[in-house]
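Working notes for the structure below.
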Amino acid sequence: MTLLVIDVQKGITDERLFEFEKVKSNIKELIGRARQNHKEVIFVQHDDGPGTGFSVGDEDFEIHEEFTPEWNEKIYTKDVNSALHPSTKLLSYLQEKGEDTIMVVGLQTNFCIDATIRTGFDNGLEVIVPEYTNSTFGNEYMDKETCYHYYNEFLWPTRFAKCVSMDEARKLISQPV
């Protein structure tokens, strides 16, 4: 199992998110447990392009200091929603190492998390999504709480991902390699 930590960047990791403190705490815990149990942790950053304020070299682009990668952890950059899009080379890397299971955490539920989950599913990966480890902002069509519950409790389970409790996620991430 590989833990994918998606888009926990300074420009969007704040109290605007649904259940911000709980999500932040759960992600930090899973990163710590993955490291303790010799599971690979891979970070992904979204790049909106030069001049957007959310691109390589911009402060908002940087990974939030509470999730700082260790020196040996891989960081992929993407300019599309799915972290597993061919342009990132992340899916190729996972396939080359024989990975068949990913645990997906991060931001934003209705954009990059959803796209990554679907791409993983379409490519034969088992996708695990722990509760309260992804979040998003509200928008003109759906408030942030409704959005979170819609994806995590209605759309993904039994279709694209195995949505699990934090207790189950702790057990899964702690299993021997």
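The values are calculated or read from the model by the stated rules, or taken from the named source; none is laboratory data. Since the model is a prediction, treat every value here as computed from it, not as a measurement. For neighbour counting, all protein chains shown are included, and Cβ atoms are generated from backbone atoms with ideal geometry for every residue, glycine included. To get the accessible areas, we keep the full protein, side chains included, count just its heavy atoms, and leave off ligands, DNA and RNA. Shrake-Rupley method; radii C 1.70, N 1.55, O 1.52, S 1.80 Å.
Among the residues of the stretch 147-177, how many are in a helix (DSSP H, G or I) and open to solvent by 70 Å² or more (accessible area, probe 1.4 Å)?
Qualifying residue count, the stretch 147-177: 5.
Output the residues belonging to the stretch 35-50 that are surrounded by 17 or more Cβ atoms within 10 Å (Cβ to Cβ) and more than 14 Å from the chain's Cα centre (by Cα).
Of everything in the stretch 35-50, those that are surrounded by 17 or more Cβ atoms within 10 Å (Cβ to Cβ) and more than 14 Å from the chain's Cα centre (by Cα) turn out to be K39, D47.
Taking the stretch 64-104, which residues are surrounded by 12 or more Cβ atoms within 10 Å (Cβ to Cβ), under 26 Å from I173 (Cα atoms), out of contact with any strand residue (DSSP E or B) (no Cβ under 6 Å at 6 or more places or on another chain) and of a type in the set (A, V, I, L, M, F, W, C)?
Result: F67, L84, L91, L94.
Test of understanding: among D60, D114, which residue is touching a Gly at 6+ places or on another chain (Cβ under 7 Å), in contact (Cβ under 8 Å) with a residue 12 or more places away in the chain and either of a type in the set (D, E, K, R) or part of a helix (DSSP H, G or I) (or both)? Give the derivation first.
Values: D114 fails: touching a Gly at 6+ places or on another chain (Cβ under 7 Å).
Among D60, D114, only D60 is touching a Gly at 6+ places or on another chain (Cβ under 7 Å), in contact (Cβ under 8 Å) with a residue 12 or more places away in the chain and either of a type in the set (D, E, K, R) or part of a helix (DSSP H, G or I) (or both).
Given (1) within 27 Å of M166 (Cα to Cα); (2) open to solvent by less than 40 Å² (accessible area, probe 1.4 Å); (3) touching a helix residue (DSSP H, G or I) at 6+ places or on another chain (Cβ under 6 Å); (4) in contact (Cβ under 8 Å) with a residue 40 or more places away in the chain, identify the lone condition not met by F54.
If we test F54 against (1) within 27 Å of M166 (Cα to Cα); (2) open to solvent by less than 40 Å² (accessible area, probe 1.4 Å); (3) touching a helix residue (DSSP H, G or I) at 6+ places or on another chain (Cβ under 6 Å); (4) in contact (Cβ under 8 Å) with a residue 40 or more places away in the chain, just (1) comes out false.
Any residue that is in contact with a helix residue (DSSP H, G or I) (Cβ under 7 Å, 6 or more places away or on another chain) and of a type in the set (A, V, I, L, M) - is there at least one of those in the stretch 59-68?
The answer is no, given that none of the residues of the stretch 59-68 is in contact with a helix residue (DSSP H, G or I) (Cβ under 7 Å, 6 or more places away or on another chain) and of a type in the set (A, V, I, L, M).
If you scan the stretch 1-41, which residues turn out to be assigned to a loop (DSSP other than H, G, I, E, B) and free of Cβ contacts under 8 Å to residues at least 60 places away in the same chain?
Across the stretch 1-41, the qualifying residues are K10, G11, D14, E15.
Can you say whether F111 is modelled with pLDDT of 95 or more and over 29 Å from S55 (Cα atoms), as far as the supplied structure shows? Show your work before the answer.
Working: modelled with pLDDT of 95 or more: yes; over 29 Å from S55 (Cα atoms): no.
The answer is no for F111.
All but one of (1) among the charged types (D, E, K, R); (2) outside any helix (DSSP H, G or I); (3) in contact with a His (Cβ under 9 Å, 6 or more places away or on another chain) hold for D48; which doesn't?
The failed condition is (3).
Can you tell me which condition L30 does not meet? The list is (1) within 25 Å of E131 (Cα to Cα); (2) exposed (fewer than 14 other Cβ atoms within 10 Å of the Cβ), and all the others hold.
(2)
With respect to D7, is the statement that it is touching a Phe, Trp or Tyr at 6+ places or on another chain (Cβ under 8 Å) and either among the aromatic types (F, W, Y) or open to solvent by less than 40 Å² (accessible area, probe 1.4 Å) (or both) true?
So D7 fails the test.
Would you please name the residue that is most open to solvent (accessible area, probe 1.4 Å), looking only at residues in the stretch 105-143 that are in contact with a helix residue (DSSP H, G or I) (Cβ under 7 Å, 6 or more places away or on another chain) and on the phi > 0 side of the Ramachandran plot?
Y132
With modelled with pLDDT under 95 and aliphatic (A, V, I, L, M) as the only criterion, which of V164, V177 stands out? Quick ask: steps written out before the conclusion?
Working: V164 fails: modelled with pLDDT under 95.
Answer to the check: V177.
Would you check if S25 is loosely packed, with under 12 Cβ neighbours inside 10 Å and of a type in the set (S, T, Y)?
So S25 does not fit the description; no.
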